[in-house]
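Structure, as structure tokens:
The values are calculated or read from the model by the stated rules, or taken from the named source; none is laboratory data. Treat the numbers as computed from the prediction; the structure is a model and nothing was measured. Note that each Cβ is placed from the backbone with ideal geometry, even for glycine, and that neighbours are counted across all protein chains shown. Heads up: the accessible areas ignore ligands, DNA and RNA and are worked out on the full protein's heavy atoms, side chains in. Shrake-Rupley method; radii C 1.70, N 1.55, O 1.52, S 1.80 Å.
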Amino acid sequence: MRIRRAGEKDLEGVRSLLAQVLEVHAQGRPDLFRPGTRKYTDEELLAIFADDERPVFVAVEDAPGAGRVLGHAFCEVVDMRESNNMQPIVSLYVDDICVDEKSRHQGVATALYRHVVAFAREMGCHNVTLNVWECNPGARAFYEAMGMGVQKTCLEQVL
């Protein structure tokens, strides 16, 4: 398995992963997520792939000529150096990590997460942050096992 920045050749694999993660969220929170929809159009994905402020990493099969996307990590650089009230730090926000359902429990998510952390360190980031939906306890357990802890809690009251 190799991890690298996503490119146009990864579009189909990333699209499939985004559909999988959307279904998890739609099952857990059908009041918020619509099943069978897409978070990004192909044009939006290609623009994100090219944006250094929103790096997307893919884990791909290492076999020659294979290149099947096993998982992805969507990230966003959050630069607070010009903030009036926050410390002047740079964070790397992980918007989404997803591993193809056929490739789960094989170390793909761990490799992606470690790659993201190494990338953030190389950039001189202060921290790596992400949000986890309460309807996805497996994801929360994974991130806690990776050493993450609660930074803040988002509460809601459904009306």
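So what's the back-of-envelope 222 nm ellipticity for the chain, counting only DSSP H runs of four-plus at -39500 (n - 2.57) apiece and dividing by all residues, rounded to 500?
-10500 deg cm²/dmol
Heavy atoms only, 1.4 Å probe, whole protein assembly: order Ile89, Ile97 by accessible area, highest first.
Ile89, Ile97
What ranking of Arg38, Arg4 comes out by heavy-atom accessible area, probe 1.4 Å, highest first? Display every interim value, and only then the final one.
Values: Arg38 125, Arg4 45 Å².
Ranking Arg38, Arg4 by accessible area, largest first, yields Arg38, Arg4.
Filter the chain for me: DSSP H helices, axial length by Cα at least 18 angstrom, mean Kyte-Doolittle hydropathy not below 0.0. List them by residue number.
Details: long enough: 11-28 (26 Å, 0.45); 108-123 (23 Å, 0.66).
Long hydrophobic helices here: 11-28, 108-123.
Could you size up the charge dipole of the range 1-97 around its Cα centre, putting +1 on the beta carbon of Lys and Arg and -1 on that of Asp and Glu, and report it in debye to the nearest 20? All intermediate terms of the calculation are to be shown ahead of the outcome.
On the way: 12 positive and 18 negative charges, 58 e Å.
Its charge dipole is roughly 280 debye.
Return one whole number: the accessible area per residue of the chain in Å², for a 1.4 Å probe.
63
Please compute the Kirkwood hydrodynamic radius of the range 92-136 from all pairs of different C-alpha atoms, in Å with one decimal.
That comes to 11.7 Å for the range 92-136.
So what does Glu43 come to for accessible area, using a 1.4 Å probe and Å² rounded to 10?
130
Lysines near Lys39 by alpha-carbon distance under 21 Å, same-chain residues fewer than 8 away left out - which ones?
Hits, sequence-local ones excluded: Lys9.
Would you calculate the convex hull of the Cα atoms in the range 11-67 and tell me its volume per residue in Å³? Mind dumping the intermediate values first?
Numbers: hull volume 6.2 nm³, N = 57.
Dividing the Cα hull volume of the range 11-67 by its residue count gives 109 Å³.
Using just the C-alpha positions of the chain as equal point scatterers, what log10 of I(q)/I(0) does the Debye formula give at each q in 0.09 1/Å?
At q = 0.09 Å⁻¹ the computed log10 ratios are -0.31.
Given the whole protein assembly as supplied and a 1.4 Å probe, what does the accessible area of Met80 come to in Å², nearest 10?
For Met80, the solvent-accessible surface is approximately 50 Å².
For Thr110, what accessible area in Å² do you get when you roll a 1.4 Å probe over the heavy atoms of the protein chains, rounding to the nearest 10?
Counting only protein heavy atoms, the figure is 30 Å².
In the range 95-121, whose amide N lies under 19 Å from the spot 7 Å out along Cα-to-Cβ of Ser83? List them in ranges.
95, 120-121
Just going by the charge dipole of the chain, with Lys and Arg at +1 and Asp and Glu at -1 on Cβ, which of Cys154, Gly138, Leu17 is farthest out on the positive end?
Farthest towards the positive end: Gly138.
Ignoring ligands, DNA and RNA, what percent of the 1.4 Å accessible area of the chain is carbon and sulfur?
Carbon with sulfur: 50 percent of the solvent-accessible area.
Hey, got a sec? Which chymotrypsin sites (Phe, Trp or Tyr not before Pro) in the range 1-105 land in a DSSP loop and have at most 15 other Cβ atoms within 10 Å? Mind showing how you got there, number by number?
Numbers: sites: Phe33, Tyr40, Phe49, Phe57, Phe74, Tyr93; in loops: Phe33, Tyr40.
Loop-located and lightly packed - Tyr40.
Treat every Asp and Glu Cβ in the range 63-159 as -1 and every Lys and Arg Cβ as +1, leave all other atoms uncharged, and give the resulting dipole magnitude about the Cα centre to the nearest 20 debye.
About 340 debye.
Protein chains only, probe 1.4 Å: how do Ser91, Ser16 rank by accessible area, largest first? Before the final figure, lay out each step's value.
Values: Ser91 15, Ser16 50 Å².
The most accessible residue leads, giving Ser16, Ser91.
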